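Take a look at the structure set out below.
The values are calculated or read from the model by the stated rules, or taken from the named source; none is laboratory data. Just so it is clear, the model here is predicted, and its values are computed rather than measured. With ideal geometry, Cβ positions are generated from the backbone for all residues, glycine too; neighbour counts draw on all protein chains shown. Just the protein is used for accessible areas: all its heavy atoms, side chains included, with ligands, DNA and RNA removed. Shrake-Rupley method; radii C 1.70, N 1.55, O 1.52, S 1.80 Å.
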Amino acid sequence: MKSTAIITGITGQDGSYLAEFLLRRGYEVHGIVRHTSTESYGRIEHLRHQVVLHKADLLDTGSIQSVVENVRPTEFYNLAAMSFVPVSWEQPILTSEVTGLGVLRALEAIRVVNPRIRFYQASSSEMYGEVVETPQSETTRFYPRSPYAVAKVFAHYMTVNYRESYNMFACSGILFNHESPRRGTDFVTRKITHAVARIKMGLQNELRLGNLDSMRDWGFAGDYVRAMWMMLQQESPRDYVIGTGDTTRIRDFVQMAFDYAGLDPQDHVVIDPRFYRPAEVNLLRANPDKAKRELGWEPEVDLRGLVAMMMEHDLELARIEKLTVGRAYERKAAAA
Ligand code: NDP
Ligand code: GDP
């Protein structure tokens, strides 16, 4: 029987990589997209004819349930969320509705339609927050430090609870930060590579950042979606930490990106208190031993490779932007 998957959040960074991954494995891929006044399917534009898109929203149980009823998938990957930590202080209720309760709505839809559908929840290392031990493993106690992280803890335990209450194949990947050229430009890695590339091309001069002293365990999103799939292929459902096991200061990522472009951060980086958070997560470092042992998962791209991949992509974007701006200027000048 052909495997069929539903992906919520297919228009996001991970959704787009996961869709590519599942298509390569012969899956029929369905994506849930929410209604917006202007379509923004940029990350999956190249897949539009290979996936089936359904309009539904994690805020609306009925809409999720009818997609599950119509598609009758074998696997359901819940990647949708309000995923940007700073916005979770500005919109804590929306964040809790989407990132927390939204997961319960998806679990309920599956329980009602067919509890044998395998369910993946995108849990987050942000749940460890003010860490009580380092590195963090599946048994480390959670200490969430933002409304986003609190909502993820709720969703995480709901997933555990549906597994234990209804015997559902429901599991969570506790994923540490993972990045790519498709990462949103608000997140610190992409904000940095995007800005450094534009500085290199003379399109901007300054990069304004917040706390450079926190540390993150960064990997490549393409490696991490493979782990999601592996979790759903096991004999029994379990939760897994996915990360590299290394941690790096934001300041050092900044240096790596500027070095790549042959520039000096001291000439361009400005510390801006607007980017400090009400409560910070200072240190994240994964202990991915269980995933390595039981899933056979290993990351293939290291941090240096990730920086190079993101810088090459953003340098190319900046080149195109420069050419486009130049041509528009010439047209305007010629028309004057
Ligand atoms: P993105 O922010 O790139 O994608 C989020 C997706 O959720 C988008 O497709 C967005 O749609 C969709 N979405 C938002 N609100 C709703 C809603 N109400 N109903 C339906 N869909 C909605 O996140 P990532 O791809 O980076 O992350 C995927 C998941 O993994 C998220 O749950 C995130 O919290 C979690 N995670 C991510 C980590 C990372 O480092 N990337 C680390 C740990 C966990 P739209 O395009 O319309 O905005
Ligand atoms: P997060 O770990 O999910 O919150 O991922 P982010 O990429 O948003 O942030 C990672 C770390 O970078 C946090 O400790 C932030 O405080 C720090 N940081 C420093 N400056 C910035 C900035 O300008 N933007 C963002 N997003 N984060 C910043």
Residue check: is SER37 open to solvent by less than 40 Å² (accessible area, probe 1.4 Å) and out of contact with any helix residue (DSSP H, G or I) (no Cβ under 7 Å at 6 or more places or on another chain)? no
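Here is a yes/no grid of residues against (1) free of Cβ contacts under 8 Å to residues at least 12 places away in the same chain; (2) in a helix (DSSP H, G or I); (3) within 12 Å of ligand 2 (Cβ to nearest atom):
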{"position": "SER123", "(1), (2), (3)": "no, no, no"}
{"position": "VAL132", "(1), (2), (3)": "yes, no, no"}
{"position": "GLU138", "(1), (2), (3)": "no, no, no"}
{"position": "PHE142", "(1), (2), (3)": "no, no, no"}
{"position": "ALA149", "(1), (2), (3)": "no, yes, yes"}
{"position": "ALA155", "(1), (2), (3)": "no, yes, no"}
{"position": "LEU203", "(1), (2), (3)": "no, no, no"}
Return the total of residues in region 149-169 being open to solvent by less than 70 Å² (accessible area, probe 1.4 Å), more than 22 Å from PRO288 (Cβ to Cβ) and within 15 Å of ligand 1 (Cβ to nearest atom). 2
Note on region 125-148: residues open to solvent by less than 10 Å² (accessible area, probe 1.4 Å) and under 18 Å from the mean Cα position of the chain (by Cα) are SER125, MET127, TYR128, GLY129, SER146
Is one or more of the residues making up region 6-14 over 16 Å from the mean Cα position of the chain (by Cα), more than 20 Å from ALA122 (Cα to Cα) and modelled with pLDDT of 95 or more? no
Just the residues that are within 15 Å of ligand 2 (Cβ to nearest atom) and open to solvent by 10 Å² or more (accessible area, probe 1.4 Å), please, taken from region 75-89. LEU79, ALA81, MET82, SER83, PHE84, VAL85, PRO86, VAL87, TRP89
Of all residues making up region 263-298, the number that are touching a helix residue (DSSP H, G or I) at 6+ places or on another chain (Cβ under 8 Å) and part of a loop (DSSP other than H, G, I, E, B): 10
Cβ-Cβ distance below 8 Å, separation of 6 or more or different chains: which pairs start in region 289-304 with a residue that is more than 28 Å from THR193 (Cα to Cα) and touching a residue at least 40 places away in the same chain (Cβ under 8 Å) and end on one that is open to solvent by less than 30 Å² (accessible area, probe 1.4 Å) and assigned to a helix (DSSP H, G or I)? ALA291/ALA227; LEU295/ALA227; LEU295/MET231
Candidates VAL301, VAL225, VAL254, VAL270, filtered to the one that is within 19 Å of the chain's Cα centre (by Cα), farther than 22 Å from HIS156 by Cα, at pLDDT 95 or above and of a type in the set (A, V, I, L, M, F, W, C): VAL301
Quick check, is ALA221 assigned by TED's automatic domain parsing to the domain that holds LEU23 and either in contact with a Ser or Thr (Cβ under 7 Å, 6 or more places away or on another chain) or open to solvent by less than 20 Å² (accessible area, probe 1.4 Å) (or both)? yes
Just to verify a result, which residue in region 269-286, among those that are within 16 Å of ligand 1 (Cβ to nearest atom) and surrounded by 20 or more Cβ atoms within 10 Å (Cβ to Cβ), is farthest from ASN177 (Cα to Cα)? VAL281
